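Trainee: A single structure is presented below for examination.
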Protein chains: 2
Amino acid sequence: MSRPRSYDEPSVLSGAMQAFRRDGYRGVSIRDLEDATGLKAGSIYNSFGDKAGLFDAAFEHYNKVVLGGRVDRFAPAAAGISGLRDLFISLMHEPNGESHGCLITNSAIELDRDEQTYRHVCTGMDILFEVFLNRLAAAQQDGSLRAGTDPVLAATKLLALYQGLLVLVRAGRDTQALERLVAAEFHELETYHDARPAQQDIQA
Amino acid sequence: MSRPRSYDEPSVLSGAMQAFRRDGYRGVSIRDLEDATGLKAGSIYNSFGDKAGLFDAAFEHYNKVVLGGRVDRFAPAAAGISGLRDLFISLMHEPNGESHGCLITNSAIELDRDEQTYRHVCTGMDILFEVFLNRLAAAQQDGSLRAGTDPVLAATKLLALYQGLLVLVRAGRDTQALERLVAAEFHELETYHDARPAQQDIQA
DNA sequence: GTCATTCTAAAATGCACATTCAAAAACAGA
DNA sequence: TCTGTTTTTGAATGTGCATTTTAGAATGAC
């Protein structure tokens, strides 16, 4: 018994999300959000309360759909440590030059820690940490984790590496070097190897 | 043959820098900068051209004085890898709760890559990378680097870790866990050790 | 002391922004 | 078809911002 909304919520959230990822919360105006969502300012306020409300909804959407989707696609439980590596490598392959940016990393820096919305930052990091820890612990069980590796420590390391990579990618650092780094780090996690260096390294 | 400036340039830059570190470029208004520097808006414009000009000068000051000072204090060439570790540990000990933030990391995220000022981000990262690489290469020479470690790869890893830690610190993550991570990473770099796990780990 | 020059102070300008308002339009139920 | 409710729209509002301007104060050179 009332006029129904004429827009598609997921696509509105997706548009807003993209704008926020690219330009940050402060860098996006209501005007920009009109273009990004297709909604007029009035409708935005009617539907989401205010700019912060839309940001909040977009962030929730990001954690659920984008982050969750990436995990499901690249690093499902069955994919083990190798799936985690794929997830990391994908960070260096954002669609052509179009650096979307990670809403978690970017908001961790931009937002004030005692804002309401900051909880999404913490949630996102918790999700990542738990996925890392879960896969590493499972790998430890089935023997595919290098012996002697502490899963909690390794998960912490992966979380830091993840955030750091996103900063460096956004800064335009050489992505090939970063890919080599990821390859090396996961090689260290996955395979059993002692530290005895190759002969030429000893003699050099 | 003219009126001299009545302010102390380093302290003006230091004040502005602190404001920008805490709240970001967009988060600081000219009004805020008046308080942070002690200068009136007119003087700021007279001396630095505009807000971006002051930011530029403050960023240069950051790279030279703050970043350079930290390297000299914690990780001079003589301190080797151990000095690098001290530098990293210091990231988790910013003055009481007062998270100043790193202007390089924060600006890498907030600024647009094709702005003039972004060069300071690149310069800062280059400085860090070169310091890391230099200390690691020296350690390789004198045998204090774990055999088989590639200095370039390790320096890349440290750069990513450095940026990632700053993101996580700003996000309010448990700093003790992060310190354990740093300790473990540097342990891996410094000491010779094979990967043979302790007995209890094999049997578990 | 006077002059030229540069700095400071304070108000003024104009713009972009987030937000609100009021009117019109679109639907659901009767 | 009529009614009530909600969405949409486009204009209006007011605030905060970066920046400019203007007038006055301070200094060095002579």
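Trainee: Residue farthest toward the positive end of the dipole of chain B, with Cβ of Lys/Arg at +1 and Asp/Glu at -1: which of B:Thr37, B:Cys122, B:Phe88?
Mentor: Of the listed residues, the answer is B:Thr37.
Trainee: Further, regarding this structure: Given label points at 7 Å from Cα along Cα→Cβ, what nm distances, shortest first, separate B:Asp35 from the same residue in every other copy?
Mentor: Between copies, matching label points for B:Asp35 lie 3.3 nm apart.
Trainee: Could you tell me the largest-minus-smallest coordinate of the C-alpha atoms of segment B:54-168 on each of the three principal axes, in descending order and whole angstroms?
Mentor: The principal-axis extents, from largest down, are 45, 34, 24 Å.
Trainee: Cα gyration tensor of segment B:123-192, axes a ≥ b ≥ c as square roots of the eigenvalues: rounded (a/c below 1.5), prolate (a/b > b/c) or oblate? The partial results should precede the final answer.
Mentor: Working: a/c = 3.15, a/b = 1.45, b/c = 2.17.
Oblate shape, in that a/c is at least 1.5 and b/c is the bigger or equal ratio.
Trainee: Can I ask one more? Distance from the Cα centre of segment A:22-81 to that of segment B:166-188, in angstrom?
Mentor: Segment A:22-81 and segment B:166-188 have Cα centres separated by 29 Å.
Trainee: So what's the net charge close to B:Leu158: Lys and Arg +1, Asp and Glu -1, counting the other residues with Cβ under 11 Å from its Cβ?
Mentor: Computed value for this residue: +2.
Trainee: Still on this structure, please answer the following. Go ahead and run the numbers for FRET between A:Asp142 and B:Asp142, Cβ-Cβ distance against an R0 of 30 Å, rounding to 0.05. Intermediate results must be reported in sequence, preceding the final value.
Mentor: Values: r = 41 Å, r/R0 = 1.36.
Working from the Cβ atoms, E equals 0.15.
Trainee: Sticking with this structure for a sec: List every DSSP H helix in chain B whose Cα atoms extend 30 Å or more along the helix's own long axis and whose mean Kyte-Doolittle hydropathy is at least 0.0.
Mentor: Values: long enough: B:118-142 (36 Å, 0.16).
Answer set is B:118-142.
Trainee: Something else now. With an 8 Å cut-off on Cα pairs and a minimum separation of 6 or more residues, tell me the relative contact order of segment B:43-107 in percent.
Mentor: Computed value for segment B:43-107: 19 percent relative contact order.
Trainee: How many nm is it between the label spots at A:Arg73 and A:Ser47, if each spot is 7 Å from the Cα in line with the beta carbon?
Mentor: Taking the simple label geometry, A:Arg73 and A:Ser47 are separated by 2.3 nm.
Trainee: May I pose another question? Can you give the FRET efficiency to the nearest 0.05 for B:Ser6 and A:Ser6, using r as the Cβ-Cβ distance and R₀ = 51 Å?
Mentor: On the way: r = 61 Å, r/R0 = 1.19.
The computed FRET efficiency comes out at 0.25.
Trainee: Summing both sides, how much accessible area is buried between A and B? Use a 1.4 Å probe and give Å² to the nearest 100. Write out the running numbers ahead of the final one.
Mentor: Details: alone 11590 and 11600 Å², together 19340 Å².
For chain A against chain B, roughly 3800 Å² becomes buried.
Trainee: List the distances, in nm and shortest first, from the label point of A:Asp50 to the matching label points in every other copy, placing each point 7 Å from Cα along the Cα-to-Cβ direction.
Mentor: Inter-copy label distances (nm, one decimal, shortest first): 2.9.
Trainee: Same structure again: Specify which residue in the list B:Leu166, A:Tyr7, B:Gly69 is farthest towards the positive end of the charge dipole of the protein assembly as shown, using unit charges on the beta carbon of Lys, Arg (+1) and Asp, Glu (-1), about the Cα centre.
Mentor: So the residue furthest toward the plus end is A:Tyr7.
Trainee: Just the accessible area per residue of the protein assembly as shown, please: how many Å² with a 1.4 Å probe? Mind dumping the intermediate values first?
Mentor: Working: 19340 Å² over 408 residues.
That works out to 47 Å² per residue.
Trainee: Given the rule -39500 (n - 2.57) for each run of at least 4 DSSP H residues, summed and divided by the residues of chain A, what is its mean residue ellipticity at 222 nm, to the nearest 500 deg cm²/dmol?
Mentor: On the way: 11 runs with 139 residues, N = 204.
Result for chain A, helices only: -21500 deg cm²/dmol.
Trainee: B:Gln116 versus B:His187, label points 7 Å from Cα toward the beta carbon: distance in nm?
Mentor: Placing both labels 7 Å along Cα→Cβ, they lie 4.9 nm apart.
Trainee: Quote the relative contact order of segment B:1-135 in percent (integer), defining contacts as alpha-carbon pairs under 8 Å separated by 6+ residues. Present the calculation step by step, with values, prior to reporting the outcome.
Mentor: Numbers: 103 pairs, mean separation 33.6, N = 135.
The value is 25 percent.
Trainee: Further question on the same structure: If the convex hull of the alpha-carbon atoms of chain A is projected onto planes in all directions, what is the mean projected area in square nanometres?
Mentor: Details: hull surface 60.0 nm².
That works out to 15.0 nm².
Trainee: May I ask for the Rg/Rh ratio of the protein assembly as shown, computed from Cα atoms with Rh as the Kirkwood radius, given to two decimals?
Mentor: Numbers: Rg = 23.2 Å, Rh = 23.0 Å.
We get a ratio of 1.01 for the protein assembly as shown.
Trainee: Rounding to the nearest 20 debye, state how big the charge dipole of segment A:1-155 is about its Cα centre with +1 on each Lys and Arg Cβ and -1 on each Asp and Glu Cβ. Don't jump to the answer; show the numbers that get you there.
Mentor: Values: 16 positive and 21 negative charges, 41 e Å.
Dipole about the Cα centre, nearest 20: 200 debye.
The values are calculated or read from the model by the stated rules, or taken from the named source; none is laboratory data. Given the structure is predicted, the values throughout are model-derived calculations rather than measurements. Positions of Cβ are generated from backbone atoms using ideal geometry, with glycine treated the same way; all protein chains shown enter the neighbour counts. Note: accessible area is taken over every heavy atom of the protein model, side chains too, but ligands, DNA and RNA are not part of it. Shrake-Rupley method; radii C 1.70, N 1.55, O 1.52, S 1.80 Å.
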